[in-house]
Amino acid sequence: MKQALVDDTEDVSLDFGNEEELAFRKAKIRHPLATFFHLFFRVSAILTYLCCDWFSSSFVGCFVTVLLLLSLDFWSVKNVTGRVLAGLRWWNQIDEDGKSHWIFEARKVPASNMAATEAEARIFWLGLIICPMIWIVFFFSTLFSLKLKWLALVIAGISLQAANLYGYILCKMGGDGDISRVTSSFLPQTACPDDFQKPGLEGLEIHQH
């Protein structure tokens, strides 16, 4: 009888670490600044594009403002928010032979001090997917309304935001694809990975093309 009780107690396993990790993952926003800027620039670009005619009659001023917001959004999402909110990053590397390689990385096991919550990951992917779809709607509306002077700006918006979306999808899927087909038209071939060597990127799964 005593031996049976000992065996029963040996089978009991209490893993409080998993419960704490689950509670952490379901917590609210852990990185409010990164979450804010993940949406700020892309939403601001859309609102500025829609409302610029109400506040300014200068086409050049509106064009430059929206393009600047799109560029800031591309840089922040590619270099900061993807790493912080989703544990993903992608970049270009030039080898000694001068060949261009696209690198896609995904954190295997998130560090406790850098892990994103489920809410942050959801915000990251929703913002990443919905905004390019809005720019696609702008493309058709611009085309059908014959406002061709805005067409270049809309195409830039689609290209920049779709490139980030495609890059992070490849990170998530293990790097199956050729990102150069999407980004070769506007990304410089001399992109440097030094900006990404920041704390909290250990344990990354790397996929290289």
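The values are calculated or read from the model by the stated rules, or taken from the named source; none is laboratory data. Model, not experiment: these values are computed from the prediction. No Cβ is skipped: glycine too gets one built from the backbone with ideal geometry, and neighbour counts run over all protein chains shown. Side chains included, ligands, DNA and RNA excluded: accessible areas come from the protein's heavy atoms. Shrake-Rupley method; radii C 1.70, N 1.55, O 1.52, S 1.80 Å.
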Checklist entry - Can you tell me which residues in region 48-101 are out of contact with any helix residue (DSSP H, G or I) (no Cβ under 7 Å at 6 or more places or on another chain) and among the hydrophobic types (A, V, I, L, M, F, W, C)? => result L50, C51, W54, F55, V60, V64, L68, W75, I94
Checklist outcome for this item: Residue hits (region 149-183; at pLDDT 90 or above, of a type in the set (G, A, S) and buried (at least 20 other Cβ atoms within 10 Å of the Cβ)) are G157, A163, G167
Checklist entry - Looking at L126, is it of a type in the set (A, V, I, L, M), open to solvent by less than 60 Å² (accessible area, probe 1.4 Å) and either in a helix (DSSP H, G or I) or under 18 Å from T65 (Cα atoms) (or both)? => result no
Item to check | Residue satisfying condition, being open to solvent by less than 70 Å² (accessible area, probe 1.4 Å), within 27 Å of C131 (Cβ to Cβ) and at pLDDT 90 or above, within set V84, V66, V60 | outcome: V66
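Counting residues that are surrounded by 10 or more Cβ atoms within 10 Å (Cβ to Cβ) and either modelled with pLDDT under 80 or under 31 Å from the mean Cα position of the chain (by Cα) (or both), which helices (runs of 4 or more DSSP H) fully inside region 1-57 reach at least 2? Quick ask: steps written out before the conclusion?
On the way: elements: 2-11, 16-25, 32-55.
Per the criteria, 16-25, 32-55.
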Checklist outcome for this item: The lone condition R89 fails out of (1) surrounded by fewer than 18 Cβ atoms within 10 Å (Cβ to Cβ); (2) touching a Leu at 6+ places or on another chain (Cβ under 8 Å); (3) modelled with pLDDT under 90 is (1)
